[in-house]
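Taken together, the values in this text are just the output of simple stated rules run on the coordinates, not laboratory data. Model, not experiment: these values are computed from the prediction. Heads up, the Cβs are rebuilt from the backbone with ideal geometry, glycines too, and the neighbour counts pull from every protein chain shown.
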């Protein structure tokens, strides 16, 4: 049996009817739109609903998640691959029982893996699938390959934008570039959008509708609208304190809306999303060019 067949066998076994984590990839067309803050707070809101949640910080080299939580992990994904650490070693526990995994210094480390190392990585991630309900992947911003590869490999994408024209055009540019990637499948991907930092004189849903019309017309993609979040000073205050806003300011509008989004995501968990692609399958897709 060759190396590629070994990996395919692992994934086939992994896709048998047993617990497989739901993967939600959070992304944006540009930086500074509050993507990582939404990812962290959403993870805590989902944990409060009884879900076991782990965040993978895939914004390699920037460590946004650990800065927001005020926690420095001892080990990262590279330690799992190259330094003999177990999966439990690289999961750092955060507030309210959420875990997070630091991606390390970059996707470049993953692209240089041997086939044996890829098989080892997938076996380890199968363990994560069996023990975690939801994995939230916080990607970098923009249309860099390291971002698009994760988004293209995902079955459920949460796109964060703001009313700023540059944020909207960059969100469209991300979707346009994503749509051109051969590994991206429209039929197998659900895209949901959050409009963040909406002012009182702006209509978050109208912003979504305008973008969705263009995306549908020119890219043949259909997005869903999760909702909008008004400008809230509690968020920036929480970031300065290196504490999640949902913990520090639980009665803020931001925290209440994030809780509602978490409930929507739990309610909107159809069979075609639930368990379709766990984190092991996502990494298999991400690295498939190495295993042909």
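Structure notes:
- Taking the criterion of being more than 14 Å from residue 35 (Cα to Cα) and touching a helix residue (DSSP H, G or I) at 6+ places or on another chain (Cβ under 6 Å), the only residue of the stretch 52-71 that qualifies is 53.
- Qualifying residue in the stretch 160-171 (condition: in contact with a helix residue (DSSP H, G or I) (Cβ under 7 Å, 6 or more places away or on another chain), crowded, with 21+ Cβ neighbours inside 10 Å and in a helix (DSSP H, G or I)): yes
- Highlighted here are the helices (runs of 4 or more DSSP H) found entirely within the stretch 172-283 that include at least 1 residues which are touching a strand residue (DSSP E or B) at 6+ places or on another chain (Cβ under 9 Å) and surrounded by fewer than 16 Cβ atoms within 10 Å (Cβ to Cβ): 204-214, 253-267.
- Figure legend. Inter-residue proximity from the stretch 176-187: first residues farther than 18 Å from residue 142 by Cα, second residues assigned to a loop (DSSP other than H, G, I, E, B), beta-carbon distance below 8 Å, spacing 6+ or different chains. Indicated pairs: 186/220; 186/221.
- Whichever residue in the stretch 32-49 is out of contact with any helix residue (DSSP H, G or I) (no Cβ under 8 Å at 6 or more places or on another chain) and closer than 18 Å to residue 232 by Cα and, among such residues, is surrounded by the most Cβ atoms within 10 Å (Cβ to Cβ): 35
- Members of the stretch 133-148 found to be buried (at least 23 other Cβ atoms within 10 Å of the Cβ) and outside any strand (DSSP E or B), listed by number: 147
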